[in-house]
Amino acid sequence: MNYQQVVQLHRFTKQASLRSATVLFFAAMLLVVVLPRGAVASGGVALPKQNWSFAGMFGQFDNAALKRGAQVAIQACMTCHSLKYIKFDQLRQFGYTEIEVKALAESQGRTKKDALLSGMDANAAKDAFGVVPPDLSLITKARKGYEDYTFAILTGYASANDLALATRVMADDKISDEEAKEVASALGLDMHHLDKMAEVLKRMAAGENFNRYFPGHFFAMPQPLSDGAVAYTDGTENSKIQLARDVVTFLAWAGEPTMMERKSLGVKVLLYLFVLTIMMYAVKRRIWARVH
Amino acid sequence: MSKIMEWVDARLPVTELLKSQATEYPTPKNLNYWWNFGSLALFVLIIMIASGLFLAMHYKADANQSFDVVEHIMRDVNFGWLLRYMHANGASFFFMVVYIHILRGMYYGSYRKPREILWWFGIILFFMMMATAFMGYVLPWGQMSYWGAAVITNLMSAIPVVGEDLVVWIWGGFSVGDPTLNRFFALHFLLPLVIFGVVILHLWALHAVHSNNPVGIDLHDEKDSIPFHPYYTIKDLYGMGVFLIIFCAFVFYAPNFFLEPDNYIPANPMQTPPHIVPEWYFLPFYAILRSIDFLGSFSKLAGVIAMGGAIAILFILPFLDRSPVRSFRYRPLSKQLFWMFVADCFVLGWVGYNPADAAIFEGALPLIVIGRTCTALYFSYFFLLWVITAFDIEKHTPVPKSI
Ligand code: HEM
């Protein structure tokens, strides 16, 4: 090899080694970013993504939805759940009048200064369900999947058709390939684990609360919402889906009543910082021009 | 004004100190943007101390109240949500900045002679930061606070003879509880101020030997250095602007990105969460801890030693690296090792994030195997760096004579 070739080879190996190291680095990054959820999901079913009006940088709470959602929470959830960080009076923040708030509070045997506490005491709940229903003030922030999860839970119960399917499939105590496919698509169960599927179907047929999205599928909360369960006064259709959307919107607000304040302040802070930083960059260029 | 300064200077030479250590302090003119991360770290420390101080005015350390009090700060205190989100995200950003700062030092050989003491103060700072962040995370008293504290303090029980008693002493009882929370708050308040003191030592050591630079050679020529002010004051300010934009984007628009949902569930000693994960910045070390599981009853102790050793080994890095050249720019093999090390840390982090018994490829490859391999690779970096430099295996490319 002559000198030229040595230099070339050297340059080539240098580039190649740098390139391979860089590729390795980005491959590792990719692994870290892509794999966590997909590969090792612990039995949880992928949650359908929802569009929430309050999501994103410029997202806003829809006051009408909040009002409806508060009504759903009070009438359909508070039998069992509390929202201890919210007081009835705070509901005025999205459009309830003082009189309406008073009426809502009185319907629960409370005054407007009281927190949204369930009438059910912890011991009674424990006797009835085996667990104390969790406080809902922070529920959307306290589960992976956030609002999407809560919405999925509320809408993920087995339908009458699903129950009929469970009974039908388990009638002969075994699951054919055909049936496995049907069950997998209807209930989101893994068709590769037939013994697990059989157990789930048996428990469904025995009347336990199946939920597609709850990790482990069975939990103590009986289906809380159904079509028409709460009577709306603003003419909105009160389907189960709509009730769930509204109550989740309300729960998201309850989890962080300062969210809109945060987002609106954020726009101002970021705009200010952008301008300031661009100016500092210009000054930096100017000063450093003397050195370069 | 100048009269007053004269009077002061005659008694305490403030002007001289500012001149020699700040405004006219000579700095290499070729520092790149990776050199911004030191001043950024100090900036984040100040953000943490300021936001922490105001949080502490509202916070109560009490097993029955802390969770509610943090929610009270979020909901009722004016801009309390801002304080808390700044503080919680600040911890994550602090680690990001410091990790980059450390890796910068490793890449450009800033730990090499004559900067060993400077480097050691840095590692001490890193240890203290980890302790501070760990105890801070306990304060909101959520499920992860509680169980994270339980898992990590429990590690002390691996220490032979005194371990069990030590854990009880740390807890102030027979489990993590109210006394633990109280002392963690006291220490969490104190440690950042100690950190501040060590930062001053760190800077003292820096100013005694001056900054390294991307070329990694000592400066001989007067014209190679420029006064800190205005060149690096403006460059650092610009860096802080960029930092603040990214930081505020998280604080205002994704404040829970780095927080674990489980920590919005109040601590419950009777109910272990299905999957206990530390904060992301501990994950690589957590993975190293868990990867030592093959030594029977010694596994726990060995894991703890490996975890501590993973950081402590940085102390001897100045003596392991024997290359005649500091900067990895001119060291092809070291450079390659370095990037593998960085990649390895990411993979370790990912392993630490997942449950210990998880596997990929349909169960064919248990994560614990990846964890063990990556732990070996982690320590191999230090060993191989020594091998290639001590035995002259690495041929460095030409190093410029001046910058
Ligand atoms: C080295 C600097 C610091 C680091 C890395 C740090 C880290 C943390 C972390 C990770 C948390 C938990 C955040 C959460 O999930 O809510 C926390 C909470 C807290 N820290 Fe710090 N901190 C630092 C400095 C300080 C200082 C100087 C003070 C007081 C003077 C302080 C007071 C508090 C208080 C009161 C809390 C509980 C409130 C809360 O959870 O938001 N911190 N800290």
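Between A:Ala254, A:Ala244, A:Ala229, which is small (Gly, Ala, Ser), in contact with a strand residue (DSSP E or B) (Cβ under 6 Å, 6 or more places away or on another chain) and either within 14 Å of chain B (Cβ to nearest Cβ) or in contact (Cβ under 8 Å) with a residue 40 or more places away in the chain (or both)?
A:Ala254
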Filtering the stretch A:263-292 down to residues that are basic (Lys, Arg), more than 8 Å from chain B (Cβ to nearest Cβ) and assigned to a helix (DSSP H, G or I), which residue is nearest to A:Leu91 (Cα to Cα)? A:Lys268
Consider only pairs whose beta carbons are under 8 Å apart and that are at least six residues apart or on different chains; among these, list those whose first residue lies in the stretch B:188-208 and is over 16 Å from B:Gly52 (Cβ atoms) and whose second residue is within 16 Å of the ligand (Cβ to nearest atom) and among the aliphatic types (A, V, I, L, M). B:Val198/B:Ile124; B:Val198/B:Leu125; B:Val198/B:Met128; B:His202/B:Leu125
Any chance the stretch B:328-343 includes a residue that's β-branched (Val, Ile, Thr) and surrounded by fewer than 16 Cβ atoms within 10 Å (Cβ to Cβ)? no
Output the number of the condition that B:Lys401 fails; it satisfies all remaining conditions of (1) more than 23 Å from B:Val151 (Cα to Cα); (2) modelled with pLDDT of 95 or more; (3) away from chain A (no Cβ under 11 Å); (4) surrounded by fewer than 17 Cβ atoms within 10 Å (Cβ to Cβ). (2)
Leading residue by the ranking (nearest to the ligand (Cβ to nearest atom)) among those in the stretch B:8-50 that are part of a helix (DSSP H, G or I) and among the β-branched types (Val, Ile, Thr): B:Ile49
Sort through B:Phe79, B:Phe94, B:Phe127 and tell me the only one that's within 10 Å of the chain's Cα centre (by Cα) and surrounded by fewer than 20 Cβ atoms within 10 Å (Cβ to Cβ). B:Phe127
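Residue-by-condition table, conditions (1) in contact with a Lys or Arg (Cβ under 8 Å, 6 or more places away or on another chain); (2) among the basic types (Lys, Arg); (3) away from every other protein chain (no Cβ under 14 Å):
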{"position": "B:Gly309", "(1), (2), (3)": "no, no, yes"}
{"position": "B:Ala312", "(1), (2), (3)": "no, no, yes"}
{"position": "B:Phe315", "(1), (2), (3)": "no, no, yes"}
{"position": "B:Ser327", "(1), (2), (3)": "no, no, yes"}
{"position": "B:Pro332", "(1), (2), (3)": "yes, no, no"}
{"position": "B:Leu348", "(1), (2), (3)": "no, no, no"}
{"position": "B:Gly352", "(1), (2), (3)": "yes, no, no"}
How many residues are within 13 Å of the ligand (Cβ to nearest atom) and within 13 Å of another protein chain (Cβ to nearest Cβ) if we restrict to the stretch B:267-287? 2
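Restricting attention to the stretch B:26-71, which residues are among the small types (Gly, Ala, Ser) and free of Cβ contacts under 8 Å to residues at least 60 places away in the same chain?
The first filter runs over the stretch B:26-71 and keeps only residues among the small types (Gly, Ala, Ser), leaving B:38-39, B:41, B:50-52, B:56, B:61, B:63, B:66.
Selection gives B:Ala50, B:Ser51.
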Quick check: anything in the stretch B:343-362 out of contact with any helix residue (DSSP H, G or I) (no Cβ under 9 Å at 6 or more places or on another chain), on the phi > 0 side of the Ramachandran plot and not aliphatic (A, V, I, L, M)? yes
Does any residue in the stretch A:89-113 that is assigned by TED's automatic domain parsing to the domain that holds A:Ala231 and buried (at least 19 other Cβ atoms within 10 Å of the Cβ) come within less than 7 Å, Cβ to Cβ, of a residue that is of a type in the set (Asp, Glu) and in a loop (DSSP other than H, G, I, E, B) six or more places away or on a different chain, and which pairs are these? A:Ala105/A:Asp114
Does B:Lys300 satisfy the criteria of being out of contact with any Gly (no Cβ under 9 Å at 6 or more places or on another chain), at the interface with another protein chain (Cβ under 10 Å from one of its Cβ atoms) and not hydrophobic (A, V, I, L, M, F, W, C)? no
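For the stretch B:1-23, give me each residue that is surrounded by 13 or more Cβ atoms within 10 Å (Cβ to Cβ) and not hydroxyl-bearing (Ser, Thr, Tyr).
If the condition is that a residue be surrounded by 13 or more Cβ atoms within 10 Å (Cβ to Cβ) and not hydroxyl-bearing (Ser, Thr, Tyr), then B:Asp9, B:Leu18, B:Lys19, B:Gln21, B:Ala22 are the ones that fit.
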Conditions (1) within 14 Å of another protein chain (Cβ to nearest Cβ); (2) more than 30 Å from B:Leu155 (Cβ to Cβ); (3) in a loop (DSSP other than H, G, I, E, B): number failed by B:Pro214: (1)
Over the stretch A:53-86, the set of residues surrounded by fewer than 19 Cβ atoms within 10 Å (Cβ to Cβ) and touching a strand residue (DSSP E or B) at 6+ places or on another chain (Cβ under 6 Å) is A:Lys84
Go through the residues of the stretch B:235-242 one by one and say whether even a single one is within 16 Å of the ligand (Cβ to nearest atom), of a type in the set (Ser, Thr, Tyr) and buried (at least 17 other Cβ atoms within 10 Å of the Cβ). no
Quick count over the stretch A:237-262, residues being under 22 Å from A:Lys144 (Cβ atoms) and outside any helix (DSSP H, G or I), is 1
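Looking at B:Pro192, B:Pro179, can you tell me which residue is outside any loop (DSSP other than H, G, I, E, B) and within 14 Å of the ligand (Cβ to nearest atom)?
B:Pro192
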Taking the stretch B:370-398 as the search range and keeping residues that are part of a loop (DSSP other than H, G, I, E, B) and of a type outside the set (D, E, K, R), which one is nearest to the other protein chains (Cβ to nearest Cβ)? B:Thr397
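The values are calculated or read from the model by the stated rules, or taken from the named source; none is laboratory data. Please read these numbers as outputs of a predicted model, since none were measured by experiment. Note that we place each Cβ from the backbone using ideal geometry, even for glycine, and neighbour counts take in every protein chain shown.
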